1. Which one of these is more than 14 Å from ligand 6 (Cβ to nearest atom) and not assigned by TED's automatic domain parsing to the domain that holds B:Gly110: B:Asp223, B:Asp138, B:Asp177?
2. Please name all residue pairs, on different chains or six or more residues apart, with Cβ atoms under 6 Å, provided the first residue is in region B:58-77 and is without any contact (Cβ under 8 Å) to a residue 60 or more places away in the chain and the second residue is within 16 Å of ligand 6 (Cβ to nearest atom) and open to solvent by 30 Å² or more (accessible area, probe 1.4 Å).
3. Scan the strands (runs of 3 or more DSSP E) fully inside region A:56-159 and keep the ones with 2 or more residues being under 20 Å from A:Ala10 (Cβ atoms) and more than 16 Å from ligand 4 (Cβ to nearest atom).
4. Are there any pairs, at least 6 apart or on different chains, whose C-beta atoms fall under 7 Å, with the first in region B:89-109 and under 22 Å from B:Asp30 (Cβ atoms) and the second in a loop (DSSP other than H, G, I, E, B) and of a type in the set (Lys, Arg), and if so, which?
5. Condition first: open to solvent by less than 70 Å² (accessible area, probe 1.4 Å) and in contact (Cβ under 8 Å) with a residue 24 or more places away in the chain. Now tell me which residues in region A:156-178 satisfy that.
6. Report yes if D:Ala210 is open to solvent by 20 Å² or more (accessible area, probe 1.4 Å) and of a type in the set (A, V, I, L, M), otherwise no.
7. Quick check on region C:101-111. Is at least one of its residues assigned to a loop (DSSP other than H, G, I, E, B), of a type in the set (A, V, I, L, M, F, W, C), modelled with pLDDT of 95 or more and crowded, with 17+ Cβ neighbours inside 10 Å?
8. Say we look at region B:27-39 and pick out the residues that are surrounded by 19 or more Cβ atoms within 10 Å (Cβ to Cβ) and away from every other protein chain (no Cβ under 11 Å); which of these is farthest from the chain's Cα centre (by Cα)?
Amino acid sequence: MSADRIFEVAHNDPIARDTYVLTLNGDTSDLTTPGQFVNVEVPGFYLRRPLSVADWSAGELQLIYKVLGQGTAAMTRMSPGDQTRIISGLGNGFEITEAEAPLIVGGGVGVAPLFALARELLSRGQSPQVVLGFNSADEVFSAESIRELGASVAIATVDGSEGTAGFVTDALPSRFDYFYACGPTPMLKALASATEQPGQFSLEERMACGFGACMGCVTNTVDGNQRVCKEGPVFSREELAW
Amino acid sequence: MSADRIFEVAHNDPIARDTYVLTLNGDTSDLTTPGQFVNVEVPGFYLRRPLSVADWSAGELQLIYKVLGQGTAAMTRMSPGDQTRIISGLGNGFEITEAEAPLIVGGGVGVAPLFALARELLSRGQSPQVVLGFNSADEVFSAESIRELGASVAIATVDGSEGTAGFVTDALPSRFDYFYACGPTPMLKALASATEQPGQFSLEERMACGFGACMGCVTNTVDGNQRVCKEGPVFSREELAW
Amino acid sequence: MVNPLAVQLGTTTLQNPLIPASGCFGFGDEFLDFYDPNILGAVALKGTTRDARDGNATPRIAETPAGMINSIGLQNPGIDVVLSKKLPHLATFYSQPVILNISGFSIDDYVASCAAADGKAEIIELNVSCPNVHGGGISFGSSCPLLVEVVRAVREVVTQSQLFIKLSPNVTDIVEMARGAVDAGADGLTLINTLLGMRIDLKRRHPVIAAGAGGFSGPAIFPIAVRMIHAVKSAIDVPIMGSGGVASASDALEMMMAGATAVQVGAESLRDPMVIPRIIDELPALLDELEIDQIADVIGEALAS
Amino acid sequence: MVNPLAVQLGTTTLQNPLIPASGCFGFGDEFLDFYDPNILGAVALKGTTRDARDGNATPRIAETPAGMINSIGLQNPGIDVVLSKKLPHLATFYSQPVILNISGFSIDDYVASCAAADGKAEIIELNVSCPNVHGGGISFGSSCPLLVEVVRAVREVVTQSQLFIKLSPNVTDIVEMARGAVDAGADGLTLINTLLGMRIDLKRRHPVIAAGAGGFSGPAIFPIAVRMIHAVKSAIDVPIMGSGGVASASDALEMMMAGATAVQVGAESLRDPMVIPRIIDELPALLDELEIDQIADVIGEALAS
Ligand SMILES: Cc1cc2nc3c(=O)[nH]c(=O)nc-3n(C[C@H](O)[C@H](O)[C@H](O)COP(=O)(O)OP(=O)(O)OC[C@H]3O[C@@H](n4cnc5c(N)ncnc54)[C@H](O)[C@@H]3O)c2cc1C
Ligand SMILES: Cc1cc2nc3c(=O)[nH]c(=O)nc-3n(C[C@H](O)[C@H](O)[C@H](O)COP(=O)(O)OP(=O)(O)OC[C@H]3O[C@@H](n4cnc5c(N)ncnc54)[C@H](O)[C@@H]3O)c2cc1C
Ligand SMILES: Cc1cc2nc3c(=O)[nH]c(=O)nc-3n(C[C@H](O)[C@H](O)[C@H](O)COP(=O)(O)O)c2cc1C
Ligand SMILES: Cc1cc2nc3c(=O)[nH]c(=O)nc-3n(C[C@H](O)[C@H](O)[C@H](O)COP(=O)(O)O)c2cc1C
Ligand code: FES
Ligand code: FES
């Protein structure tokens, strides 16, 4: 179920270069699984901004966003006490499997939903390996908090300023039997080429509604065009047939 | 001279039915005479709202506004600390004359600029009589503060709930040799018909710029169409030839 | 007691004038999380074509000041699936009037779909903003002779449903187009479909929308819709469904004063799924404030008399 | 050092592409309180007619979401006063290029004004959105044959100034109109003039604007302007002054990528008199961010190649 809810900003703090964590208070009962997203009204902009749920608990929602254009730039000016409308409970989220050696792969701000995913896998007794890719060390976020959960985290940076120099595909572990991935499309496609294991990709697409009504956000699947906001944002490798 | 300035809201308080006084801090050096106006940016609305200067001093600006439509309704939500852009120093304002027995006539929210006018006349040793018209007693404002300046104030209300029952024209003093008037056009026209003395009318017209560039706000004068925002908002009786 | 919001749209009575616009309400079930569609005056379903369509490449969406651009390209499962699956499914939870929005790329397309659809919904709404593949890509809605031809042909096969023509605003003379449609047999008009618009991505130096230009709608276009409805209703006494930028109860009333009998809400209901129920809620108080007994009384009130 | 903002508009060099649009800058002196107009690329003066005009009844202004409607009705002192008084006065404080905007209600009107104006300004911009009194009130800008006729006639008498035609967007096929104007001898085009729009006052049940409909502009119409400029520049290699909804440095650049060589700012400069100086200030940093050396390099960059 999804619903349009009013949330109140609790904190809005920088955590990496151009990257902020926005903590809001409100009803999070529409959220059921890691990898879902919300659609956030930003004052002065017509469309809402779709953002993955980075973390949530009863009454508290955390989003991690990167300043990309004018809307996310305006979000940095949201202050504690400000209210905003958020459509919550959107998308399918990751489907948790019983894989033995799961791998979590994130790139850039696509790392946002992976903390909650890692925690979920760990809580089920699985031991995910995690590989996160960024442009440079000053953009790295969530790595430490995922390590604190007890998962091993490898970092790749394009400029080599932290971890492996290169892309996430240069830092993949030798053994894994399933992956969960979120990041820019070129990264996801590179991952698909570099691997043969089954897995899930969380996609991005420009959206109007976010709840399935406009057909604005489709991606091509083996079943034809499917909505990223409704049938996705997470699609399995077989569905996408990349 | 006019300029686009940033002001900060100090107070925004109701003073009569649907009527608020908005006190702002900022540079008021563009203001020179009672009857000038400013053009106020209201968040979420494209055009600015023209409002008479009710009072000003170095660093402080007072506006009195009535909730009429959506823009003025939104203004009631401006809170202390909020900033807004204001084009200040607009319009000609009243021309102060040496009349012996000046009369000040105001109707509804047109009363806004008359406090500063009364004070100016009193400071020059003149003794203005003041007649203010409202729909009903709960809409009356500024009467008490003008009395406190030392001027005699008569009230007319349409429903008779305070002062004379009827319009300002029903409460005019028997003797005066000049008038300064601000209020809705029907009131100003009634005043013009009911009197023969010379005087000045402050007009309202829908505006885009407020500073003379668009020709949106004209009124017909003996010299053809003149801009209410630039040649006005105050016009003498002879100019309008009502 | 009389329902103060009821309006008579041609031969169809609506419990209120509010209708989600075609393409902004799927086939009726995407809003079930948000509200019960039975509160609506009617629903307009997603534009349907003779055959199933995948639609355009993505990105299909761009943002504009007070509006948006879409380039869905009529992704839909085709008229047979709509009639055999979508309509019966809709009927399981919805019992107010239905508007089937039909698109096509040739007169044959339109006729085939409309013949199949006739009688299956209260209103068939013809979307004529699509390019005519047999006419050098000119859209049916931007050439009066072409428009007349398609309306005449469709009128032959639409005998049980009301036939409304949804006009494109991208024309020099909207009154001429309206007159053509009505003279060719339309029962009513929907005014307006989207304008053509484009945004460009500065970094990619390329239009945001994959197809280049797209359909521009939302509050930004409201004054264009009001003026076209006003112009058409001033010239022709025909039932009009207004469409274009409605985002509030006062917008709905304004469009009705311009001449609309009912009011469709598109883009705004995508960014704010609760806007239509809110408008329906707020209308009675707004009518009171303006001392209006029956909303139907305001239709065309702002026309010169 | 090369000025990175310079552009070549036909035969006129502009120090930057920013121009206040006609009707939004008076005759050049209304902004003196705000900034020195010599920072501008050029100025477009208020629409001028053969004889002086009082303009339309008030209200002349209405507000819209992200825009406004105006109905000035070409109030102006007439071409003789503009040439004998306004231009000499402008020259006392301004020395960059001048665009004289000429309107008329018959071909004779246009020819008389343009003959008088030729050579008095770098550019004569023909506003063809006015009704032709000899043609049943159809505007010159909404009929291609009429447009061709007026451009041909004016071209005869405009031999020293550049002749730009400012097209109306209220047409079915903007490319056809553009081609007509260019084939008839125009040196360049201005795209776009205002759209037709209307707002209705719910209390009065009457259009806000006394004349009913008016000219709709501001950020709301930006995507329409971008798409028309893009369509015309894709079809015809002609210098274009963009106009319609520009409100920021990135808007200016977006319009140039669509094909505009220079960019006019109208409504936004009325609500925010400092917007043009701010855009000029901000452009260099934006160019740096996008790794663009010369702003002229972006013109038409978003056209399919
Ligand atoms: C399901 C989903 C989850 C996402 N999760 C996150 C997240 O957790 N953190 C984060 O920082 N970003 C996330 N994004 C991307 C985020 O939505 C965009 O970065 C953001 O919308 C950009 O807005 P803007 O105003 O800054 O950019 P502008 O370019 O000014 O925006 C203009 C329009 O384009 C849209 N847009 C621009 N870029 C994107 C994009 N990459 N994806 C979708 N829409 C875009 C905007 O929403 C807006 O409608 C997610 C996107 C999707 C679809
Ligand atoms: C020179 C001048 C001085 C004024 N001084 C005051 C004052 O001191 N206090 C006060 O309460 N009001 C004053 N007004 C009127 C005030 O500008 C309007 O009440 C206000 O703009 C209404 O805005 P709204 O958004 O509530 O109404 P809406 O009707 O929603 O506004 C829509 C548009 O119409 C314009 N508009 C609507 N009514 C008027 C009007 N009566 N005059 C001008 N524009 C209008 C708005 O500015 C806006 O552009 C003055 C007007 C002028 C021209
Ligand atoms: C995402 C989207 C999809 C649309 N699809 C259709 C369609 O299939 N058929 C149609 O006739 N109109 C379609 N439209 C146009 C709308 O029905 C409506 O007429 C138009 O958007 C103007 O109204 P608005 O400003 O309220 O959006 C679509 C609009 C949008 C935004
Ligand atoms: C108040 C006003 C007056 C205008 N007067 C004229 C005019 O006299 N001649 C003309 O060609 N265009 C005129 N225009 C149109 C503008 O020059 C401009 O082309 C149009 O408004 C679109 O740009 P914008 O969205 O930046 O306002 C006027 C526009 C406004 C808002
Ligand atoms: S964004 Fe509307 S269907 Fe996905
Ligand atoms: S409001 Fe623009 S000239 Fe007066």
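1. Checking each option against the conditions leaves just B:Asp223.
2. Note: pairs meeting the criteria are B:Gly71/B:Phe45; B:Gly71/B:Arg49.
3. Output list reads A:60-66, A:83-90.
4. Note: pairs meeting the criteria are B:Ile96/B:Arg124.
5. A:Ala156, A:Thr157, A:Ser161, A:Glu162, A:Val168, A:Thr169, A:Ala171, A:Leu172, A:Pro173, A:Phe176, A:Asp177, A:Tyr178
6. Criteria met by D:Ala210.
7. The answer is no; no qualifying residue exists.
8. Step by step, filter region B:27-39, then rank; the result is B:Thr28.
The values are calculated or read from the model by the stated rules, or taken from the named source; none is laboratory data. In this text the structure is predicted, and so the values were computed from the model without any measurement. All Cβ positions, glycine included, derive from the backbone under ideal geometry; neighbour counts span all protein chains shown. Protein only, heavy atoms only, side chains kept; ligands, DNA and RNA dropped before computing areas. Shrake-Rupley method; radii C 1.70, N 1.55, O 1.52, S 1.80 Å.
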